[in-house]
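What follows is a single structure, written as structure tokens, with notes after it.
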Amino acid sequence: MSFIKDFKEFAMKGNVIDMAVGVIVGGAFGKIVSSLVNDIIMPVVTVATGGDGFTNMKYIITPAKEATAEGMAAVEEVAINYGMFIQNIVDFFIIALSIFVALRVIMKFKKKEAEAPAPVPEPTKEEVLLTEIRDLLKEKK
């Protein structure tokens, strides 16, 4: 039972739960960015470049062959899909830029908190009394 108790304490710590939420939100954010790139940015880039789109860009090493009547099996195309690689690079840069901007905003808020002067606490009754005694002693000299 100690193992289960230890695991429950570990799983209920705030950091683990925060991390799990971050992973889930990050996955959803990745889908949004992929959709942005695939459905909005790349079609505009395709029109601007007058091409077929990045997803169709590839270097064919071995072309595909259909099965023949003599019994030769079909051969799938072997290609280097560099267009998909370019599209994934665009995905990466958008995600990296978004994370950079988010962290920069968070750091600005933390910096403002750190720079804010700490409130001066009100003096206690003892401090006020001691200050009065000090002032009276200065006056008598």
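Within segment 45-77, the only residue that satisfies the criterion of being farther than 14 Å from residue 87 by Cα, touching a Pro at 6+ places or on another chain (Cβ under 9 Å) and open to solvent by less than 70 Å² (accessible area, probe 1.4 Å) is 75.
Residue 128 falls short of the stated requirement of being within 30 Å of residue 35 (Cβ to Cβ), modelled with pLDDT of 85 or more and open to solvent by less than 100 Å² (accessible area, probe 1.4 Å).
Could you say whether any residue in segment 92-99 is of a type outside the set (Ser, Thr, Tyr), over 19 Å from residue 39 (Cα atoms), open to solvent by 100 Å² or more (accessible area, probe 1.4 Å) and at pLDDT below 85? No, every residue in segment 92-99 fails to be of a type outside the set (Ser, Thr, Tyr), over 19 Å from residue 39 (Cα atoms), open to solvent by 100 Å² or more (accessible area, probe 1.4 Å) and at pLDDT below 85.
Write out, first by first residue and then by second, each pair whose Cβ atoms fall under 6 Å of each other, whose residues are 6+ apart or on separate chains, and whose first residue, in segment 83-99, is under 15 Å from residue 52 (Cα atoms) while the second is of a type in the set (A, V, I, L, M, F, W, C). Sorted first by the residue in segment 83-99, then by its partner, the pairs are 83/54; 83/57; 86/54; 87/54. Inspect all residues belonging to segment 114-124 and state whether any of them is at pLDDT 85 or above and open to solvent by less than 100 Å² (accessible area, probe 1.4 Å). There is at least one residue in segment 114-124 that is at pLDDT 85 or above and open to solvent by less than 100 Å² (accessible area, probe 1.4 Å).
The values are calculated or read from the model by the stated rules, or taken from the named source; none is laboratory data. Worth saying up front: this structure is predicted, and the values here are computed from it rather than measured. With ideal geometry, Cβ positions are generated from the backbone for all residues, glycine too; neighbour counts draw on all protein chains shown. The area values use the complete protein model at the heavy-atom level, side chains included, leaving out ligands, DNA and RNA. Shrake-Rupley method; radii C 1.70, N 1.55, O 1.52, S 1.80 Å.
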